[in-house]
1. Is any residue of segment 135-174 close enough, with backbone N under 20 Å, to a label point placed 7 angstrom from the Cα of residue 122 along the Cα-Cβ axis, and if so, which?
2. Beyond a 29 Å Cα-Cα separation, which of these cross-linked pairs lie in this structure: 86/144; 167/219; 85/325; 86/219?
3. Give the angle, between 0 and 90 degrees and rounded to the nearest 10, that separates the Cα long axis of helix 265-278 from the longest principal axis of the Cα atoms of the chain.
4. For the chain, what proportion of DSSP beta bridges, expressed in % and rounded to the nearest 5, is antiparallel?
5. Return the loop-located trypsin sites (Lys or Arg not before Pro) in segment 1-108 (DSSP other than H, G, I, E, B) with at most 13 other Cβ atoms within 10 Å of their own Cβ; answer none if there are none.
6. Can you give the helix-only mean residue ellipticity at 222 nm for the chain, where every DSSP H stretch with n ≥ 4 adds -39500 (n - 2.57) and the sum goes over all residues, rounded to the nearest 500 deg cm²/dmol?
7. Once you list every other residue whose beta carbon is under 13 Å from the beta carbon of residue 202, what net charge do they have if Lys and Arg are +1 and Asp and Glu are -1?
8. Taking only C-alpha pairs under 8 Å that are 6+ residues apart, what is the relative contact order of the chain in percent?
Amino acid sequence: MREALSLSLSEWQNYLQSIGEAKYRARQIFSWIHEKLIFHPAEFSNIPKPLRDLLQKNFLWPQITLIRQVQDEKGVTKFLFKSEKKVFEAVFLPFPNRISACISVQSGCSLDCTFCATGKMQFFGNLSVQEILWQVYFMQKAFKKKITNVVFMGMGEPFFNYENSLKAADILNAKEGQNIGARHITLSTSGVLPGIQKFIEEKRNYSLALSVHAATEKKRKKLMDIESRYPLSNIITYLENNRSKIRSNGLTFEYILIANENMEKDDAKALAQLAKKVNAKINLIPLNTNYHSYQRPSEQEIIHFQNLLRNEGVLAFNRKSPGLKIQGACGMLAAEINHD
Ligand code: SF4
């Protein structure tokens, strides 16, 4: 049985035509689900009762349980959900000028970046489109606030769940649904080259964040196992050769700052060179975890590294890692419950 939230507008049209219903009903149903965020067909008041009953019977409607939520003093809230055997987390991030949702695409992660809590938990597999969208819709309903930005930066690697991640992004972007602008939807990859190629060849307009974390092969291999599979140098070459296909301001480098690991002058130089090649902005993220005795740098060290990059002619922003106190900041999502 198909999951109701996972159908695009055109899939609803095809389904309704296949059962002899009028095509315009698709827009009504899509709007109930993705615009009004109502997930009970019985409440679809402009849909005839026999069709409402059919929708209830023929589709899987969300059965996702909220296990826990924690909030810090700034309103940043982390949610832990469970759907069948899969657990996953999402973070609600209220900023003065926008409301962001950081969402997961997998339950756990098949990769194991050495600084990341998600890679240490058990991997339960890909999330469905319905499970991905649920996170945004649940938070919007819970806070009664319009979510303006969505970042696919929670648990998992979006390009290892490419079809579901992109379909969820398309549904969030749909004008008949939440109509979140493509620039306000960011997919973050650890560097899965085939996924990056597909994303660019398909001319996707969403923002793309590439987790760099170290600009040289040796240091990156130490931090990210993906480097052995898809070396950063190959990704940069591909991006360089396809610069014209990347939307301006569409590419960001994410760079975790780890004291005494990736913050030397040479690191800044190498990082700046790569950023210039592909016209990327840089987000600096001070380390939030403490695996392998890694240490978060001091404010002074962060500013120093930022200045090194500035001297190399690139702009780097210090992301303040909201959610640190509630284990909801970058690299901290680990769905800590007992799985039975
Ligand atoms: S940083 Fe991202 S890709 Fe790496 S282990 Fe964590 S969730 Fe997976």
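The numbers here are math on the coordinates, done by the rules we state, and not lab data. Everything quoted here is computed from the prediction, not taken from an experiment. Here the Cβ is made from the backbone with ideal geometry for all residues, glycine too, and neighbour counts use every protein chain on show.
1. 155-157
2. Numbers: 86/144 26 Å; 167/219 34 Å; 85/325 27 Å; 86/219 33 Å.
Those over the limit are 167/219; 86/219.
3. For helix 265-278, the angle is close to 50 degrees.
4. Numbers: 19 of 44 bridges.
Taking every DSSP beta bridge within the chain, about 45 percent pair in antiparallel fashion.
5. Working: sites: 2, 23, 25, 27, 36, 52, 57, 68, 74, 78, 82, 85, 86, 98; in loops: 23, 36, 74, 85, 98.
Of the trypsin sites (Lys or Arg not before Pro), the ones in loops of segment 1-108 whose Cβ has at most 13 other Cβ atoms within 10 Å are 23, 36, 74, 85, 98.
6. Numbers: 11 runs with 111 residues, N = 340.
Rounded to the nearest 500, it is -9500 deg cm²/dmol.
7. Spelling it out: positives minus negatives among the neighbours equals +3.
8. On the way: 641 pairs, mean separation 51.0, N = 340.
Rounded, it is 15 percent for the chain.
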